[in-house]
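For reference, the structure discussed in these notes is given below.
The values are calculated or read from the model by the stated rules, or taken from the named source; none is laboratory data. Computed from a predicted structure; not experimentally measured. In this analysis, Cβ positions are derived from the backbone assuming ideal geometry, glycine residues included, and neighbour counts consider all displayed protein chains. Protein only, heavy atoms only, side chains kept; ligands, DNA and RNA dropped before computing areas. Shrake-Rupley method; radii C 1.70, N 1.55, O 1.52, S 1.80 Å.
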Amino acid sequence: IELLLNSEEFEDIATQFILVPNLNDGHHEDVYPQPPFGDRKAVKTQLFEETFGVLNIPFTKDTDIRKCIHLVSNPCMFRVNEVLFGVTSNDVLLQLNMDSITEKVTNKLDRLSAHVLQQQSFAPQFPAPASMPDNLDMRHYNRHVVMPTYSPDVLILPSKLSTSVSDVLGSLVVNPG
């Protein structure tokens, strides 16, 4: 991203990047909800010349002339103009599907997504299935995992299940895969 943004060819680009952490990231906290990416205290070792812990993600500070990379938590809700987005990188749909007992449902992904919207929670199962251990931090549950009293206009729920885009209870639910 840094090479792209430092290029004179893309000097006037209006694209905005939103970076959401994932529980599988090797360099980030393995707890849900996750804080946004950010620099940590630099670690210097005798084995490597490079310092560890400092990410140096460009164009993220309010003091940058072109702030175009936005670091958000996992899960999060944010607005782009008048559209409210809800995003989590946790595979909620797969977790719900593992405990599903209904058969021959016309659209299983819509039904699973409806659980998230109806319960107004990015983690509607409690406790999570044993086969999908999540390190759920209950101290931050109400502030970050529970949605406000209104549903997002667009809900992004990436999952290993088949990709889909559908209208569920008035929200556009997207599973990019």
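Hey, can you tell me all the residues within the stretch 1-35 that are of a type in the set (D, E, K, R), open to solvent by 70 Å² or more (accessible area, probe 1.4 Å) and modelled with pLDDT of 75 or more? Matches in the stretch 1-35: Asp30 only. If you go through the stretch 115-136 and keep only what is at pLDDT below 65 and among the polar types (S, T, N, Q), you end up with just Ser131. Considering only residues in the stretch 98-114 that are over 17 Å from Gly170 (Cβ atoms) and not in a helix (DSSP H, G or I), the one that is modelled with the highest pLDDT turns out to be Asp99.
With respect to Val165, determine if the residue is closer than 13 Å to Ser113 by Cα, open to solvent by 40 Å² or more (accessible area, probe 1.4 Å) and without any contact (Cβ under 8 Å) to a residue 24 or more places away in the chain. For Val165, the condition - closer than 13 Å to Ser113 by Cα, open to solvent by 40 Å² or more (accessible area, probe 1.4 Å) and without any contact (Cβ under 8 Å) to a residue 24 or more places away in the chain - is met. When the residues of the stretch 61-71 are filtered to those that are touching a Phe, Trp or Tyr at 6+ places or on another chain (Cβ under 9 Å), assigned to a loop (DSSP other than H, G, I, E, B) and at pLDDT 70 or above, the one that is nearest to Ala14 (Cα to Cα) is Cys68. Selection of the stretch 137-159 for residues being loosely packed, with under 13 Cβ neighbours inside 10 Å and either among the hydroxyl-bearing types (Ser, Thr, Tyr) or modelled with pLDDT of 90 or more (or both) yields Thr149, Tyr150.
Given the structure, is Leu84 open to solvent by less than 40 Å² (accessible area, probe 1.4 Å), farther than 14 Å from Asn175 by Cα, of a type in the set (A, V, I, L, M) and at pLDDT 80 or above? Against the criterion (open to solvent by less than 40 Å² (accessible area, probe 1.4 Å), farther than 14 Å from Asn175 by Cα, of a type in the set (A, V, I, L, M) and at pLDDT 80 or above), Leu84 qualifies.
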